Amino acid sequence: MAALTADDVTVQLLPENVDFTHSLRKFNLVSIAFGDGSKTYPSGGVPLPDKTSFGMTREIAAMLLLPPSNGYVYRYDRANHKVRVFFCNYDAAADGPLAEVDTSHAPAATTLEALVLGE
């Protein structure tokens with residue numbers, strides 16, 4: 001089964017978006033959708049589309065993900081411009097209480113809202 005790519009991720013500026021600009025930085029509220037169960041989680045996280053999809057022209061400085069209540073924890077990996085997905089792992093193994101999903105996991109349809117800071 002093929003892994004998710006940035007082409008499989010849809011980003012939309014939300015209608016509630018205020019596009020609050022402070023000096024050169026601005027905040028945008030976006031929706032990030034990916035997964036349908038037909039492609040697997042790629043190693044290292046789900047790659048995101050280019051910064052222009054998030055309404056930025058130079059960079060994304062930070063992204064606060066507002067995840068759905070589906071039992072997974074989502075984290076923005078700024079260095080690699082990816083969303084990493086974790087699950088609660090209570091098996092007392094050495095990998096700790098949160099473990100990243102593996103590459104055999106095929107995520108169901110997922111939509112996250114995010115507050116994006118950039119320029």
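Where does each of I60, I32 land when they are ranked from fewest to most other beta-carbon atoms within 10 angstrom?
Ranking I60, I32 by Cβ neighbours within 10 Å, fewest first, gives I60, I32.
With r as the distance between the Cβ atoms of T57 and Y90 and R0 = 35 Å, compute the FRET efficiency 1/(1 + (r/R0)^6) and round to 0.05.
0.20
Tell me, what HN-Hα J-couplings in whole Hz come from the Karplus equation 6.51 cos²θ - 1.76 cosθ + 1.60 at θ = phi - 60° for each residue of the stretch 47-52, using x for Gly and Pro?
x, 9, x, 4, 4, 5
Can you give the extra length, in nm with one decimal, that the chain gains between D36 and E113 once fully stretched, where that is 0.36 nm per residue apart less the Cα-Cα distance?
Difference between extended and current length: 26.0 nm.
Given 5 Å bins starting at zero, what is the percent of C-alpha pairs of the chain in each, up to the one with the largest pair distance?
2, 11, 21, 23, 18, 12, 7, 4, 1, 0
Charges at C-beta only: +1 for Lys and Arg, -1 for Asp and Glu. How large is the resulting dipole of the chain about its Cα centre, in Debye rounded to 20?
In debye, rounded to 20, the chain gives about 300.
If you plug each phi of the stretch 58-64 into the Karplus form 6.51 cos²θ - 1.76 cosθ + 1.60 with θ = phi - 60°, what whole-Hz ³J(HN,Hα) values come out, in order, with x for Gly and Pro?
10, 6, 10, 7, 7, 9, 9
What longest region of the chain stays clear of trypsin sites (Lys or Arg not before Pro) that DSSP places outside H, G, I, E and B and that have at most 12 other Cβ atoms within 10 Å?
No qualifying site falls inside 1-57, the longest such stretch.
Bear in mind that the values in this text are calculations on the coordinates, not laboratory data. Just so we're clear, the structure is a prediction, and the values are computed from it rather than from any experiment. Here Cβ is always computed from backbone atoms with ideal geometry, including for glycine, and neighbour counts include all displayed protein chains.
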